[in-house]
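The values are calculated or read from the model by the stated rules, or taken from the named source; none is laboratory data. Keep in mind the model is a prediction, meaning the values are calculated, not measured. No Cβ is skipped: glycine too gets one built from the backbone with ideal geometry, and neighbour counts run over all protein chains shown. Surface areas here come from the heavy atoms of the whole protein model, side chains and all, with no ligands, DNA or RNA. Shrake-Rupley method; radii C 1.70, N 1.55, O 1.52, S 1.80 Å.
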Amino acid sequence: MLTDKEYLEHSGQNCPACHQSGNVDVTDDSLECEGSNATQGCSCSCGYEWTDIYTLVGYDNLVKS
């Protein structure tokens, strides 16, 4: 299994179980947001499922409409 650090080094593109890229799919099309964190379900064709965790770090592209 990949550690969190190793998973982040691959930008979340590799399965934490089988380490393959290209086999990872998003299982939940929307982000679940709570406070400054968000989560999203993922899975791999090897049979494992997990939840990616995102943390708000700021904002970009502020424009007045």
Quiz item: Which ranges mark the strands (runs of 3 or more DSSP E) fully within the chain that have 2 or more residues being acidic (Asp, Glu)?
Solution: 32-34, 49-55
Exercise. Output yes when any residue across segment 20-29 is open to solvent by 50 Å² or more (accessible area, probe 1.4 Å), among the small types (Gly, Ala, Ser) and at pLDDT 90 or above, and no when none is.
Key: no
Practice problem: Identify, by number, the condition in (1) surrounded by 11 or more Cβ atoms within 10 Å (Cβ to Cβ); (2) at pLDDT 95 or above that Asp60 doesn't meet. | Solution: (1)
Quiz item: What are the residues in segment 31-65 that are of a type in the set (D, E, K, R) and either closer than 20 Å to Leu2 by Cα or in contact with a strand residue (DSSP E or B) (Cβ under 9 Å, 6 or more places away or on another chain) (or both), if any?
Solution: Glu32, Glu49, Asp52
